[in-house]
1. Distance in nm between label sites at A:Ser20 and B:Arg132, each 7 Å beyond Cα in the beta-carbon direction?
2. Based on alpha-carbon centroids, what's the gap between segment B:17-73 and segment B:142-189 in Å, whole number please?
3. When Cβ neighbours within 10 Å are restricted to other protein chains, what is their mean count per residue of peptide B:176-184?
4. To the nearest 0.05, how large is the calculated FRET efficiency for B:Asp276 and A:Asp43 if R₀ is 56 Å and r is the Cβ-Cβ distance?
5. To the nearest 10 degrees, how steep is helix A:96-111 against the longest Cα principal axis of chain A, on a 0 to 90 scale?
6. Report the convex hull volume per residue for segment A:127-234, counting only C-alpha atoms, in Å³.
7. Using mean Cβ contacts within 10 Å as the protection proxy, how do B:89-102, B:53-66, B:188-201 order, highest first?
8. Compute the helix-to-body angle for A:217-230: its Cα long axis versus the longest principal axis of chain A, expressed 0 to 90° and rounded to tens.
Amino acid sequence: MTEQAQGAAALNAVIADAASGIALALRGEGDPYALTRTLPQEDALSPAAVRVLGADALAPYALDGGRGADGAGSADAAMVRQALTAFPPGDDPAAVSTWSYRGLVEATRALLPAHAAQLPPAPDPADDWLDTEPWPRLSHRVSQLASLALPGLAGALTDRLSGRTEDLARGFVRAVRRRDWQQAAGLGRWLARLPQTPPSLGLDSGLRFVQQMSGDPRAAVHLTAARTFFGRGR
Amino acid sequence: MTTARAAPAGPRAHPGADLLDTLVAEGLDWVERHRAHFRLPPDVATTADPNLTLKPLGELAELSALIAELHPRPELRARARRLLAHAWQEARQGELFAELVRGEPQATYPVELYGSFARAGLRDAAVEELVRTTTGLRGWQLAREDHTRTLAVLNAEARIGLPHHTDFGAALAHTWLGRRPEPWFLECRTAYGLTHDVFHLTDWGRAPSRLSPAAAEYLRLWLPAWLGSWLEERLWDLAGELLAVAACLPGAVFDAAAWQRLAAARTADGALPERDDPPPPGTGAAECFTACYHSTLVLAFAGTLARTATLDSEAPG
């Protein structure tokens, strides 16, 4: 394995561990949540993992009464700040990375308001592709933004996506057929949030099916979020 | 009540007319050039593999009859009529079916095959007398394992003028089209079942309004996902059948990109392989025929339905 591949594998392992911890917390199991317990502060890979997880790094704080572990907010916000500083958004305003950067900033403001000072400004990502992309590409990109599907977050994006609900539902069908569980889970999470998801999709059984077929911890975060926050897939 | 697809009224404006008519014309050309391969062997009613003999002939009859009836261009209708006549000649003007029924009176396929010809007005009195007896037996009414196949038998019965052996709606209710399950659970085999549910229900696209509004809505929603999936998997044959189904929907959408992909998947001489790449150079003629004849007929059939579909821009409201 090349050094680069080794680095990527190590980062993926850290992300997978953190995702498992987040999914556990979203199910209301385990200890009270703290990002800094899920990702070791001293691990050099932690900021990158936070940046990849985006708003999901703080998702358990969005649970009803989910205040997190006592006193964790300050350290968690510091870890987020570190991630945002180390990995700024790139030059492409339409990129997934720009959107997830914004999601992480928004989530920190919404979920850790007492510690949201000194956050960098949220970029304004380009959104014209939400109307113009054909459904397969739209679905792929939107699935990568699934961490933004949190209560109180990304309301404007959700409104825009509701206009393409049928297309995203088609993307879910395609993703399941391709056994692309992460994409299916990400789209399923959005579809759980959107009000007009066609009943004939069978979203609830679809989410359960993906859960059973996939062992992927990031898919598990999406599926748990769909169930916990939007009541689908129970 | 059902409204039939409009009888041909001469070529009319259609955004895909050039592409569709080329695909149909070149497909029919290819089939015509290869029609010797539809010839039945002497042991057709006994030891020959029906999948390599009767099935191709039946599909030739079914699909060329449809094109002969519905295509807006008279020269393509004439070409399809010639193919249908060829198939009828191979069936020895119906004699073959009497032979098949006597050999295997429980089997449904001779009745289904004969139904394709009877629908086109090619009939044989002796066959009809024979099947009136065999299909009137209580044994004929026993449920078949495959509900889609039951629809095929029911459609053949209607074409021949025989009473339905069971209720069409009840059989339909057990199929994929009747149940309308989770669209992401469809796989290749059930997808072929679904396309044939639609073909049997609508008499191969002639009576699209027999699709219930709920079934039409289900297909409108999910066909793009299935078509996209199977184009990506390069299963051209199934993609062609899905395009034929799409052309049965009210307010059909002409999916130019999908048609172009099928056009590009063809061999240099106009045949569409069932899947993946065309047969490599050096492949025997019989193998090439087996790999391509069905999809090529399907392409011409789907192109004909698409050409006469009620497009979204023409739909009322």
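1. Those two pseudo-labels are separated by 7.4 nm.
2. 24 Å
3. Details: counts 0, 0, 0, 0, 2, 3, 10, 12, 16.
Mean inter-chain Cβ contacts per residue within 10 Å come to 5.
4. Working from the Cβ atoms, E equals 0.75.
5. The helix A:96-111 is inclined about 60 degrees to chain A.
6. Considering the Cα atoms of segment A:127-234, their hull volume per residue is 82 Å³.
7. Values: B:89-102: 18.2, B:53-66: 22.8, B:188-201: 20.6.
Ranking the peptides B:89-102, B:53-66, B:188-201 by packing returns B:53-66, B:188-201, B:89-102.
8. The angle comes out near 70 degrees.
Any read-out appearing in this document is the output of simple, stated calculations on the displayed coordinates, not a laboratory observation. In this text the structure is predicted, and so the values were computed from the model without any measurement. Note that each Cβ is placed from the backbone with ideal geometry, even for glycine, and that neighbours are counted across all protein chains shown.
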